[in-house]
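The values are calculated or read from the model by the stated rules, or taken from the named source; none is laboratory data. It should be emphasised that the depicted structure is a prediction, and the values quoted were computed from it without experimental measurement. Cβ coordinates were reconstructed from backbone atoms using ideal geometry, including for glycine residues, and neighbour counts include every protein chain displayed. With ligands, DNA and RNA removed, areas are computed over all heavy atoms of the protein, side chains included. Shrake-Rupley method; radii C 1.70, N 1.55, O 1.52, S 1.80 Å.
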Amino acid sequence: MTAIDEADPRTPSHVPRELVVDGFDIFNLEVPDADPPLVWREIKLANPPIFWTNENGGHWVATDAADIKVIQVDHEHFSMAQHNIPKNRRGMPAPPIDLDPPKHFGYRALISPAFSPKALAALEGTIQQVLDGLIDRVAPRGECEFVEDVAHVLPINVFLGMMGLPKEDAAYLLPLSTLNTQAKELEVSQRTRAEMADYLKDKIEARKAHPTDDVLSQVVHGKVNGEPLPDDELLGMCTLLLAGGLDTVASMMGFIFRFLATHPAHLAELVADPDLIPQATEEFFRRCGIANTGRILVEDYEFHGVQLKAGDLIQIPNCLYGIDETVVDNPLEVDFHRKKPIPYASFGNGPHSCPGKALARLEVRLLLRSWLSRIPEFTVKPGTVPQARIGMTNSMRELWLSWR
């Protein structure tokens, strides 16, 4: 992918020809070694720090760490009202993520209690119980497809339990979650989001009539500025919660275990010293970023000499922040002894940082501790190749592991 020599008729008049990268399509990137951050790094090195692509409706891409951080926090110029590629990908409201401050905070307050230290402490036993059952099932086999057998099962069981939804519904919801983040076609992503919303409608009505103590009930009966949520915002918010809890943490786990399976010295270090696991978790979050969110320009704005127009979309691959030399030394190296705090943007920065990051951190820590105590040596299964994809998230799709 290089800057084009001839004008593309799709290019808006305000976009300089030298900033247009021909053929850049976020949904059609090859991912050798199942390591999306390396792919993004190559894109960064080969192109201008802010470039334009005409694919997927046309949008900017910003790859410098400093720009990524500014775009994440400067909601006066870069709004979350549209943060997916292409525009209108969701096809429905999605508070609080598509709202900017100050309106954002009232909606976020409805879900924040579910991820408080007290709430997570109460969840730890449940997470450990799910983990024990998972490892009991796979350990005697000597192999597993980690994504399907472990990485998807743990967060889904935990999150559906938090939402008060039947755990057996995970088999129906998981494919929808994958399409939601990976499908290129706008109509496919909108349809899958609509199917997830349809799944929730009767559950929402049931909570209205009979409140329970789950997160779904908290949102259904929540109020913003003293008023209950309009039906469309309520459905959109519940759908956002459901979608957010099904795929991203699973992919993070997949990337972590791919790394450990291919780096035996790092694996042995964690096995020998489990007290390193909290530090290692933060280092993995830095190295294995997931979300590739975007923003929409609120008004015409010149940014580092590039003229952006109101209504332009600009994408920020968050994983690039944590592997930028201006942010961290030796950024591609995984170092469990790196000086704290470890900088990364895997869960975003500023007011829109992911409220579920503390839950993700807890699940990864418990998974590493439990797995390594039972299966201390493992590799990628011979004859298999880990498979990853890039879309609105970096996703691990398949990872076969084997052990003695």
Self-check item: Theoretical FRET efficiency, 1/(1+(r/R0)^6), r = Cβ-Cβ of ALA265 and LYS118, R0 45 Å, to 0.05
Solution: 0.75
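Show ASP329, ASP213 ordered by accessible area, largest first, where the area counts protein heavy atoms only and the probe is 1.4 Å. Spell out each step's value before the answer.
Values: ASP329 115, ASP213 145 Å².
Correct descending sequence by accessible area is ASP213, ASP329.
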Exercise. Can you find, among GLN129, VAL215, GLY322, the residue farthest towards the positive end of the dipole of the chain? Put +1 on the C-beta of Lys and Arg, -1 on that of Asp and Glu.
Key: GLN129
Quiz item: Which value, to two decimals, describes the C-alpha radius of gyration of the range 287-404 once divided by 2.2 N^0.38 Å?
Solution: 1.36
Quiz item: What FRET efficiency do you get for ASP232 and ASP8 if R0 is 35 Å and r is their Cβ-Cβ distance, rounded to the nearest 0.05?
Solution: 0.40
Quiz item: Taking a ≥ b ≥ c as the square roots of the eigenvalues of the Cα gyration tensor of the range 104-158, is the shape rounded (a/c under 1.5), prolate (a/b larger than b/c) or oblate?
Solution: oblate
Practice problem: Quick one: grab the alpha carbon gyration tensor of the chain, order the square roots of its eigenvalues as a ≥ b ≥ c, and give me rounded if a/c is under 1.5, else prolate or oblate depending on whether a/b is larger than b/c. | Solution: oblate
Self-check item: Stretch in the chain that is longest and holds no GluC sites (Glu not before Pro) that DSSP places in a loop and that have at most 15 other beta carbons within 10 Å
Solution: 186-298
Exercise. Compute, for ASP232, the solvent-accessible surface of its heavy atoms (probe 1.4 Å) with the complete set of protein chains present, and express it in square angstrom to the nearest 10.
Key: 90 Å²
Quiz item: Taking the alpha-carbon set of the range 335-393, what are its Rg and Dmax in Å?
Solution: 15.7, 45
Quiz item: Using r as the Cβ-Cβ distance of HIS221 and GLU148, and R0 as 45 Å, what FRET efficiency do you calculate, to the nearest 0.05?
Solution: 0.80
Quiz prompt | Cα-based shape type of the range 235-358, given that a ≥ b ≥ c are square roots of the gyration tensor eigenvalues and the cut on a/c is 1.5 | solution = oblate
Quiz item: So what is the accessible area of the chain per residue, in Å², with the probe set to 1.4 Å?
Solution: 42 Å²
